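Trainee: I'd like to ask some things about the structure below.
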Amino acid sequence: MVRGKRVLVDVRPLRGGGFRRLWAAGIVTALGAQLTAVVVPLQIYDFSGSSAYVGLAGLVGLVPMAAAALWGGVLADVRDRRRVLLGTTTGIGVTSALLWVQAWADLRSVGVLLVLVGVQQALFGAHTAVHRAVTPRLVPPELLPAANALQSTVVLSAGIAGPLLAGGLLPVVGSRTLYLADALTVCATVWAVWRLPALAPVGAGARPQTTSLRHIADGVRIVTSRQILLVVYLSDFAALSLGLPTALFPQVAAETFRASDIGVLYAALSAGGVLAGLFSGAFTRVGRHGVAVAVSAAVWGLAVAGFGLAHSLVSAVAWLLAAGGALLALGVFRRTVLQSAVPDEMRGRLQGIDTVVAAGGPRLGDLLHGTVGAGLGVTWTVAGGGVVTVVTALLLLLLFPGFRRHRAAPEPHFRVSGNSHRPLRKLE
């Protein structure tokens, strides 16, 4: 029985009231966000009759999201994180309400939709950076991997259930109701954030604010000067840019399986992450976080290579399930390192940079896979990308001893104060 509990998801972070409320509210809000994620591209295509505008929506949201993530990370380090998080969460709810208003008014304007998408993505970028900087203040350091696994499982589960729910409800209630439902679900997270304790800046972050650009530059400087941070970013970026083959899923489905199987491929990747989350107790207690990042990236690359060589839908799904699980583990340990390997006053900026890397890697991967796949074909491109990912992960592990030796932050560096876990001194 004890062994079984250690394999299943570690729920100890939920003992903290602040984290528990934020996590539970996130289930509701993430599901609502997926409703909007489905309706927006459908509306854009309906208004314009062109998939080019649908693709433009993704580009329109990228730059504001990246810029706002960096700015939000700075605010998280120099302002009360609870207040900043409350502001970004409320802003996301307001933009969802405005999407409902444009649907109710039947504006049928692609321009209005693109503006609202850009604003909401900017708020989402800032919200993500601040939210991830809040987590280490709500749970003790040894539970950070478990907390990150719980949060990632919620997002992936919503990514599966949300589109299915939207597809079933859209013909019945229409786009207006789905937008309104999204706006209402944000209220759950607003309530959870409101109940958090004050999360004022500590250490250097408590000093008067200088310019945002100065703070961002400080974040970049600490990344480039700390081997563990730089190599973790490189590992994750390499895995997402070299080994993420989703841009080729339509071609794989059409040439190897059936065109209608594309939904199965997307779902399998997310389902693998959910399964890994449910059994995350098997790996969240690992102490060598640098090795865990490298191994997760290597397993991800190996599974992607297996998918590229698969000739049956069953084997392809099996490989994608393994890949999704490895990707969840990679994300869990990457965020844990970034949350624990720097002083609290730098966490917001590190999470802002992480948000930009996490958003940019897949988009570069889409470009690389789409371009190379057109010339070499899907089998060589997907399998080759997986192999290169494995080699890159192993080389980083061998070439950087600090990365290889990095362990979880020891307990004595932190002091518990109410629901807030604050550092006693800077981590070396």
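The values are calculated or read from the model by the stated rules, or taken from the named source; none is laboratory data. The structure presented is a predicted model; accordingly, all values stated were derived computationally and were not measured. Here the Cβ is made from the backbone with ideal geometry for all residues, glycine too, and neighbour counts use every protein chain on show.
Trainee: Name the single residue that is nearest to R83 (Cα to Cα) among those in segment 342-356 being in contact with a Phe, Trp or Tyr (Cβ under 8 Å, 6 or more places away or on another chain) and buried (at least 24 other Cβ atoms within 10 Å of the Cβ). Spell out the reasoning first.
Mentor: Within segment 342-356, the first condition is being in contact with a Phe, Trp or Tyr (Cβ under 8 Å, 6 or more places away or on another chain), and the residues that meet it are 352-354.
Next, from what is left, pick out any that are buried (at least 24 other Cβ atoms within 10 Å of the Cβ): 352, 354.
Values: G352: 17, D354: 21 Å.
The extreme case among them is G352.
Trainee: If you don't mind, another one. Farther than 22 Å from G352 by Cβ, in contact (Cβ under 8 Å) with a residue 40 or more places away in the chain, of a type in the set (S, T, Y) and part of a helix (DSSP H, G or I): is that true of S157 in this structure? Step through it out loud before you land on a result.
Mentor: Values: farther than 22 Å from G352 by Cβ: yes; in contact (Cβ under 8 Å) with a residue 40 or more places away in the chain: yes; of a type in the set (S, T, Y): yes; part of a helix (DSSP H, G or I): yes.
Yes: the conditions hold for S157.
Trainee: Name the residue, out of R363, R404, that is assigned by TED's automatic domain parsing to the domain that holds R226, in contact with a helix residue (DSSP H, G or I) (Cβ under 6 Å, 6 or more places away or on another chain), under 30 Å from H215 (Cα atoms) and among the charged types (D, E, K, R). Steps first, answer last, please.
Mentor: Details: R363 fails: in contact with a helix residue (DSSP H, G or I) (Cβ under 6 Å, 6 or more places away or on another chain).
Just one listed residue meets the conditions, R404.
Trainee: If you scan segment 364-378, which residues turn out to be in contact with an Asp or Glu (Cβ under 9 Å, 6 or more places away or on another chain) and in a helix (DSSP H, G or I)?
Mentor: If we filter segment 364-378 for residues that are in contact with an Asp or Glu (Cβ under 9 Å, 6 or more places away or on another chain), which is where we start, we get 377-378.
Residue satisfying the conditions is V378 alone.
Trainee: Residue check, A24 against (1) touching a helix residue (DSSP H, G or I) at 6+ places or on another chain (Cβ under 7 Å); (2) at pLDDT 90 or above, all met but one. Which one?
Mentor: Tallying (1) touching a helix residue (DSSP H, G or I) at 6+ places or on another chain (Cβ under 7 Å); (2) at pLDDT 90 or above, A24 fails exactly one: (1).
Trainee: Within segment 185-227, can you find the residues that are modelled with pLDDT under 80 and over 19 Å from Q351 (Cβ atoms)?
Mentor: If the condition is that a residue be modelled with pLDDT under 80 and over 19 Å from Q351 (Cβ atoms), then R207, P208, T210, T211 are the ones that fit.
Trainee: Within segment 260-306, track down each residue that is over 22 Å from G243 (Cα atoms) and surrounded by 22 or more Cβ atoms within 10 Å (Cβ to Cβ).
Mentor: Selection gives S280, T284.
Matching residues to (1) more than 17 Å from Q151 (Cβ to Cβ); (2) outside the structural domain of S175 (by TED's automatic domain parsing); (3) hydrophobic (A, V, I, L, M, F, W, C):
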| position | (1), (2), (3) |
| --- | --- |
| G32 | no, no, no |
| L42 | yes, no, yes |
| S48 | yes, no, no |
| A52 | yes, no, yes |
| L62 | yes, no, yes |
| W71 | yes, no, yes |
| V74 | yes, no, yes |
| R82 | yes, no, no |
